[in-house]
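The values are calculated or read from the model by the stated rules, or taken from the named source; none is laboratory data. Just so it is clear, the structure is predicted and the values come from calculations on it, not from any experiment. Positions of Cβ are backbone-derived with ideal geometry, glycine not excepted, and every protein chain shown enters the neighbour counts. Heads up: the accessible areas ignore ligands, DNA and RNA and are worked out on the full protein's heavy atoms, side chains in. Shrake-Rupley method; radii C 1.70, N 1.55, O 1.52, S 1.80 Å.
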Amino acid sequence: MATRNLLVIKDARGEVIAAQVEGRRDDEVVSYILPAEPDHTLYRVSNVPAGIFDRVHPAEFQGMITEHVNSDAAEVEAITAEDLRAYYSGL
């Protein structure tokens, strides 16, 4: 099964409030999500099943992402904005 990596932001309650497929869109533009509040946390989620990204209804997508992130199958790593800047500046 094909998988992709995802960046997610959780709020203070641990709810997923933002998600973005991780990766470059083209050779010139690099963009990524960052926490907007001090109590928000940023995570890299590896090996997310690609089928989740086919969902077009926002509530269904959020539900599936939340379920995956909270499952034992998820590979979740807490990261910082500095980690992302360092990674993308090295590309």
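Table: residues versus (1) charged (D, E, K, R); (2) surrounded by 15 or more Cβ atoms within 10 Å (Cβ to Cβ); (3) touching a Phe, Trp or Tyr at 6+ places or on another chain (Cβ under 7 Å).
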| residue | (1), (2), (3) |
| --- | --- |
| VAL8 | no, yes, yes |
| SER31 | no, no, no |
| GLU37 | yes, no, no |
| LEU42 | no, yes, no |
| ALA50 | no, no, no |
| HIS57 | no, no, no |
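Whenever a residue of the stretch 4-18 is in contact (Cβ under 8 Å) with a residue 60 or more places away in the chain, its partners that are in a loop (DSSP other than H, G, I, E, B) and open to solvent by 10 Å² or more (accessible area, probe 1.4 Å), lying with C-beta atoms within less than 7 angstrom and at least six residues away or across chains, give the pairs LEU7/GLU22; LEU7/TYR32; LEU7/ILE33.
Assessment of the stretch 59-66 against the conditions (assigned to a helix (DSSP H, G or I), open to solvent by less than 40 Å² (accessible area, probe 1.4 Å) and not small (Gly, Ala, Ser)) yields at least one matching residue.
Count of the stretch 67-87 residues, restricted to those that are in a loop (DSSP other than H, G, I, E, B) and in contact with a helix residue (DSSP H, G or I) (Cβ under 7 Å, 6 or more places away or on another chain), is 1.
Can you name the residue in the stretch 67-91 that is among the hydroxyl-bearing types (Ser, Thr, Tyr) and open to solvent by 50 Å² or more (accessible area, probe 1.4 Å) and, of all such residues, is modelled with the lowest pLDDT? Checked the stretch 67-91; the qualifying residue modelled with the lowest pLDDT is SER89.
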